[in-house]
Amino acid sequence: MKKKPRFERKYRISKTEYFSILNTIRPFIEVDPIAAKKGGRYFVRSLYFDSFGYHSYSEKVAGVSDRIKLRIRAYGKDLKDTDIISFEIKTKRADKIVKYSSKILPDQYFDYLGNGHLSYLEDPVLEEFFRLKNIYHLEGVIIVDYERDAFYAKGDDGVRITFDHDVRSASSNKLFPKEEEVIFRSGEPQVVVMEIKTQKSHPYWLSDVCKRFGLDQKPNSKFALGIENSAKSILR
């Protein structure tokens, strides 16, 4: 399960800034292969896990430097539109991020719903996911949806740039709830979330873009914002 840590920087930009930044960086980027297969933009849904007392959320807003987050991610709004489902463990140590993931097929997800585990796959990421879920009594608490544009720097797949649009969330313990079971709420529809993921320092052209547009890095956890927008009862 050993993986290289990466650095993540997040910026909240307007739609006007999005178009300007995208036009500026086009000579230096190429479309992510997944995005290319889906016409350039693709749908993302994540089911985030937390304890009954919302321990993970509390750690996030308190700024605890070392944290672990569990989520299940899909690329469709229901199971029949989804080719793969990803079980993910995201760890943060100071400013370094490491994400471990294991991808399963839709029929295997049915097994998970029925049995609560996938032990027969003998996958180390899945084993750790369910170990953490069980010892910390974690359950799905919120789903977050958005549309994503994704790019890599030309000649350097260690630099990934994404733009997330129409971020919305709903309280749910299911990855694919029925439409009548949830109410989605948008945080700020006019805001685009830009993320830069690198394994080392920014290339010169990307640093120049950040300076030129005055990009100000700010915490922008979709998980925490989703909790605040869609599960406000826990904050009372």
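The values are calculated or read from the model by the stated rules, or taken from the named source; none is laboratory data. Since we're looking at a predicted model, the values are computed, not measured. Neighbour counts run over all protein chains shown; Cβ positions are idealised from the backbone, glycine included.
Checking the conditions here, which among Ile13, Ile34 is farther than 16 Å from Ala224 by Cα and modelled with pLDDT of 90 or more?
Just a single option satisfies the conditions, and that option is Ile13.
In region 115-149, what count of residues is obtained for those that are hydroxyl-bearing (Ser, Thr, Tyr) and either in a loop (DSSP other than H, G, I, E, B) or in contact (Cβ under 8 Å) with a residue 24 or more places away in the chain (or both)? Talk me through it step by step, then tell me what you get.
Applying the first criterion (hydroxyl-bearing (Ser, Thr, Tyr)) to region 115-149 yields 119-120, 136, 146.
Those still in the list that are either in a loop (DSSP other than H, G, I, E, B) or in contact (Cβ under 8 Å) with a residue 24 or more places away in the chain (or both) too: 136, 146.
Residues in region 115-149 being hydroxyl-bearing (Ser, Thr, Tyr) and either in a loop (DSSP other than H, G, I, E, B) or in contact (Cβ under 8 Å) with a residue 24 or more places away in the chain (or both): 2 in total.
Which of the residues spanning region 82-139 are surrounded by fewer than 16 Cβ atoms within 10 Å (Cβ to Cβ), more than 30 Å from Val159 (Cβ to Cβ) and basic (Lys, Arg)?
Arg131
Can you work out which of the residues in region 154-166 that are of a type in the set (A, V, I, L, M, F, W, C) and at pLDDT 95 or above is farthest from Ala224 (Cα to Cα)?
Among residues in region 154-166 that are of a type in the set (A, V, I, L, M, F, W, C) and at pLDDT 95 or above, the one farthest from Ala224 (Cα to Cα) is Ile161.
Table: residues versus (1) farther than 21 Å from Lys38 by Cα; (2) over 14 Å from the mean Cα position of the chain (by Cα); (3) among the aromatic types (Phe, Trp, Tyr); (4) buried (at least 16 other Cβ atoms within 10 Å of the Cβ).
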position: Gly155; (1), (2), (3), (4): yes, yes, no, no
position: Val167; (1), (2), (3), (4): no, no, no, yes
position: Ser171; (1), (2), (3), (4): yes, yes, no, yes
position: Pro177; (1), (2), (3), (4): yes, yes, no, yes
position: Pro189; (1), (2), (3), (4): yes, yes, no, no
position: Gln199; (1), (2), (3), (4): yes, yes, no, no
position: Leu206; (1), (2), (3), (4): yes, yes, no, yes
position: Lys211; (1), (2), (3), (4): yes, yes, no, no
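Go through region 1-93 and tell me which strands (runs of 3 or more DSSP E), entirely inside it, have 1 or more residues that are of a type in the set (Lys, Arg) and either in contact (Cβ under 8 Å) with a residue 60 or more places away in the chain or farther than 22 Å from Gly187 by Cβ (or both). Give the derivation first.
Values: elements: 7-14, 29-31, 41-50, 66-74, 85-93.
Ranges flagged: 7-14, 41-50, 66-74, 85-93.
Take the residues of region 71-81 that are hydrophobic (A, V, I, L, M, F, W, C) and modelled with pLDDT of 90 or more: which is surrounded by the fewest Cβ atoms within 10 Å (Cβ to Cβ)?
Ile72
Out of (1) in a strand (DSSP E or B); (2) out of contact with any helix residue (DSSP H, G or I) (no Cβ under 8 Å at 6 or more places or on another chain); (3) not hydroxyl-bearing (Ser, Thr, Tyr), what's the single condition that is false for Asp107?
Condition (1) is where Asp107 drops out.
When region 150-171 is examined, which residues are found to be part of a loop (DSSP other than H, G, I, E, B) and at positive phi?
Selection gives Gly155 alone.
When both residues are 6+ apart or on different chains and their Cβ atoms are under 6 Å apart, which pairs have a first residue that lies in region 207-226 and is under 16 Å from Arg185 (Cα atoms), and a second that is among the small types (Gly, Ala, Ser)?
Taking only residues 6 or more apart or on different chains, the pairs are Leu225/Gly187; Gly226/Ser169.
Kindly provide the set of residues from region 167-194 that are modelled with pLDDT of 95 or more and acidic (Asp, Glu), ordered by number.
none
Taking the condition small (Gly, Ala, Ser) and more than 27 Å from Lys3 (Cα to Cα), does Gly155 pass? Before the answer, list the steps.
On the way: small (Gly, Ala, Ser): yes; more than 27 Å from Lys3 (Cα to Cα): no.
Criteria not met by Gly155.
Which members of region 25-70 meet the condition of being among the hydroxyl-bearing types (Ser, Thr, Tyr) and either surrounded by 14 or more Cβ atoms within 10 Å (Cβ to Cβ) or closer than 25 Å to Ser172 by Cα (or both)?
Tyr42, Ser46, Tyr48, Ser51, Tyr54, Ser56, Tyr57, Ser58
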